[in-house]
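Chemist: Okay, here's the structure, questions in a sec.
The values are calculated or read from the model by the stated rules, or taken from the named source; none is laboratory data. This one's a predicted model, so the numbers in the text were calculated from it and none came from an experiment. Positions of Cβ are backbone-derived with ideal geometry, glycine not excepted, and every protein chain shown enters the neighbour counts.
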Amino acid sequence: MGKKAWEDIIVVNTNDIPGKKIIKTIGNVKIKCNATKDYKITKLAIFRGEAPNKLKKIAYKLGANSITGAQFEYRGGDLVYYGTAIIVEDED
């Protein structure tokens, strides 16, 4: 089975990607997991492991080829993984 196109999306926790220039900002992308007290730690760990690929798929569907500013954060009982979907190209 071959590699999926969304797998090539670059994900960084910084605001830029060395050697690339941002040509278009598409917008914010995020996913969340309910992190209430009864939620198993194991499920949260699985979410943290799966989150980058899920975010890549969302960004790909929007036409992005990269995500900047990617980070996890707790918000109101949820674990949220978010970033900014962008289109980049190689610097000249």
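Chemist: So which pairs qualify, if the first residue must be in region 68-91 and closer than 13 Å to residue 32 by Cα, the second must be of a type in the set (Ser, Thr, Tyr) and modelled with pLDDT under 90, the Cβ gap must be under 8 Å, and the two must be at least 6 apart or on different chains?
Modeler: The qualifying pairs are 77/36; 80/74.
Chemist: When the residues of region 55-92 are filtered to those that are under 10 Å from the mean Cα position of the chain (by Cα) and among the basic types (Lys, Arg), which remaining residue is surrounded by the fewest Cβ atoms within 10 Å (Cβ to Cβ)?
Modeler: Step by step, filter region 55-92, then rank; the result is 57.
Chemist: State all residues of region 55-78 that are part of a strand (DSSP E or B), of a type outside the set (A, V, I, L, M) and under 9 Å from residue 9 (Cβ atoms); if no residue qualifies, say none. Explain how you work it out, then say what you get.
Modeler: At the first step, the residues of region 55-78 found to be part of a strand (DSSP E or B) are 66-75, 78.
Subset that is of a type outside the set (A, V, I, L, M): 66, 68-69, 71-75, 78.
66 - this is the single residue of region 55-78 that is part of a strand (DSSP E or B), of a type outside the set (A, V, I, L, M) and under 9 Å from residue 9 (Cβ atoms).
Chemist: Continuing with the same structure: Out of the residues in region 1-54 meeting the condition of being at pLDDT below 90 and part of a strand (DSSP E or B), tell me which one is surrounded by the fewest Cβ atoms within 10 Å (Cβ to Cβ).
Modeler: 34
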